[in-house]
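Peer 1: My structure is below; once you've seen it, I'll send some questions.
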Amino acid sequence: MSIKIPAGLTDLLQGFTVEVLRKQPVDLVEFAVQYFTKLRASQKVPFGNERSGSGAFRATKAVNFADEPMQTDSENGEEEDDDDDEEFEAPVINRFTRRVSVCAESFNPDEEEEDTEPRVIHPKTDEQRRRLQEACKDILLFKNLDQEQMFQLLDAMFEMLVKVDEHVIDQGDDGDNFYVIERGTYDIFVNLDGLQRCVGTYDNRGSFGELALMYNTPRAATIIATSNGALWGLDRATFRRIIVKNNAKKRRLYEEFVQSLPLLKSLELGERMKVVDVFGTKIYKDGECIIAQGDKADCFYIVESGEVRITMKHKAKPDADGGMEIARCSRGQYFGELALVANQPRAASAYAVGNVKCLVMDVQAFERLLGPCMDIMKRNIANYEEQLVDLFGTNMDLTDPSV
Ligand code: CMP
Ligand code: CMP
């Protein structure tokens, strides 16, 4: 006897299963009732625009169909604000369909934009999703997002292979996507007074392309691949809906704290708010190593709460197990600037004392935004050197990489 599987059954069950795995409901039956009730409500809209003729139900958040075109999830039973009853034609958004112009778009980070855009979903295999999660785990801009926002971001991201010498971004263009690096090296060029200057590199990690999307400005730099590589792109609309909205919240939360920081006093208010836009918050448990002496450096830290112990191993005190304590940093103080300023490995280690929360900024944002604060930092580095003479009895030039 042959059993005929009704059209749409596989998609229907797959969509439901994915939602169960994502939401992990306690009461499965109750969740199923709500899911299918909502799905039935969404079926009441006319299906004239439906792209696939595969049956009554389209695939919802089917994460395992690697080659499917991008979908929106307007009828997948998710808790959506206002677009449950709409049928969307899937927009084709990729790096080749550059936006015509963004200049007319207004930007006020204090005003939350309306969430009317269709959700973007690029289905992924389990293996792609694992690689994507790995690439995104240290992305600072994603650090303050809640779980649902994070799911939406991951759903919307798409994989892109890049060839050596390819221009991923050209300075002056409109911003189409934000990019997270999975692998590959990339040079950053900025045109200064008509001269292309390489101002930095990305080495198999990090992200770029956020500025044009956050501030509706032309691309501020050119990014060229210096090896074959792979990136994860995130379309402009999803970036703005999630990250820009979240930044408005971050600005409200951190405005006062950032105004109170002596380090940032040479910055204008607008520049300080840009600092808030780009940092991520990280939490460390008691005793956790935040920075290890000798490591390559790519971040700068400001303590939001708790205390950080700075220790240094030095040949003058070889018996100090784990290094000698040389400083403590508490709320409002910063650390991790020295290696970035001097372009050398970490001069000391940093450990959490109790639970610690830090604002963390990547080296590219540090260099771009904190130039005006350099005098204060350099004076402080001179203080470190004096302090080390007292502790170890030897002179040290902390900005000399050979020391
Ligand atoms: P965006 O302007 O959208 O596109 C170019 C990207 O280069 C920019 O966002 C940043 O993410 C990145 N970038 C890295 N360093 C710099 C820099 N010094 N100036 C401008 N952009 C930079
Ligand atoms: P960095 O070298 O990037 O990482 C370790 C950090 O410890 C260093 O930057 C400084 O921010 C901080 N630090 C505090 N006191 C000292 C000191 N006396 N010498 C060197 N680093 C110090």
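Peer 1: Taking the stretch 6-38 only, how many residues are hydrophobic (A, V, I, L, M, F, W, C), part of a loop (DSSP other than H, G, I, E, B) and either without any contact (Cβ under 8 Å) to a residue 24 or more places away in the chain or surrounded by 14 or more Cβ atoms within 10 Å (Cβ to Cβ) (or both)?
Peer 2: Summing the residues that are hydrophobic (A, V, I, L, M, F, W, C), part of a loop (DSSP other than H, G, I, E, B) and either without any contact (Cβ under 8 Å) to a residue 24 or more places away in the chain or surrounded by 14 or more Cβ atoms within 10 Å (Cβ to Cβ) (or both) in the stretch 6-38 gives 1.
Peer 1: Among (1) at pLDDT 55 or above; (2) assigned to a loop (DSSP other than H, G, I, E, B); (3) more than 18 Å from the chain's Cα centre (by Cα), where does Pro91 come up short?
Peer 2: (1)
Peer 1: From the list Leu370, Leu340, which one is more than 24 Å from Glu255 (Cβ to Cβ), within 16 Å of ligand 1 (Cβ to nearest atom), in contact with a strand residue (DSSP E or B) (Cβ under 8 Å, 6 or more places away or on another chain) and among the hydrophobic types (A, V, I, L, M, F, W, C)?
Peer 2: Leu340
Peer 1: Follow-up. Looking only at the stretch 226-245, which residues are surrounded by fewer than 22 Cβ atoms within 10 Å (Cβ to Cβ), in contact with an Asp or Glu (Cβ under 7 Å, 6 or more places away or on another chain) and over 18 Å from Leu145 (Cβ atoms)?
Peer 2: Answer for the stretch 226-245, where residues must be surrounded by fewer than 22 Cβ atoms within 10 Å (Cβ to Cβ), in contact with an Asp or Glu (Cβ under 7 Å, 6 or more places away or on another chain) and over 18 Å from Leu145 (Cβ atoms): Thr226, Ala230.
Peer 1: Looking only at residues that are of a type outside the set (Gly, Ala, Ser) and touching a Lys or Arg at 6+ places or on another chain (Cβ under 7 Å) in the stretch 311-340, which one is nearest to Asp375 (Cα to Cα)?
Peer 2: Out of the qualifying residues, it is Arg328.
Peer 1: Continuing with the same structure: Given the conditions (1) out of contact with any helix residue (DSSP H, G or I) (no Cβ under 9 Å at 6 or more places or on another chain); (2) away from ligand 1 (no atom under 16 Å from the Cβ); (3) at pLDDT below 95, and given that Ser330 satisfies all but one, which numbered condition is not satisfied?
Peer 2: (3) is the only condition that Ser330 fails.
Peer 1: Further question on the same structure: Of everything in the stretch 200-229, what is part of a loop (DSSP other than H, G, I, E, B), without any contact (Cβ under 8 Å) to a residue 60 or more places away in the chain and either in contact with a Cys (Cβ under 8 Å, 6 or more places away or on another chain) or more than 10 Å from ligand 1 (Cβ to nearest atom) (or both)? Give them in sequence order.
Peer 2: The answer is Asn204, and nothing else.
Peer 1: While we're on this one: For the stretch 218-277, what are the residues that are among the basic types (Lys, Arg) and touching a helix residue (DSSP H, G or I) at 6+ places or on another chain (Cβ under 7 Å)?
Peer 2: Answer for the stretch 218-277, where residues must be among the basic types (Lys, Arg) and touching a helix residue (DSSP H, G or I) at 6+ places or on another chain (Cβ under 7 Å): Arg219, Arg236, Arg240, Lys250, Arg251, Arg272, Lys274.
The values are calculated or read from the model by the stated rules, or taken from the named source; none is laboratory data. It should be emphasised that the depicted structure is a prediction, and the values quoted were computed from it without experimental measurement. No Cβ is skipped: glycine too gets one built from the backbone with ideal geometry, and neighbour counts run over all protein chains shown.
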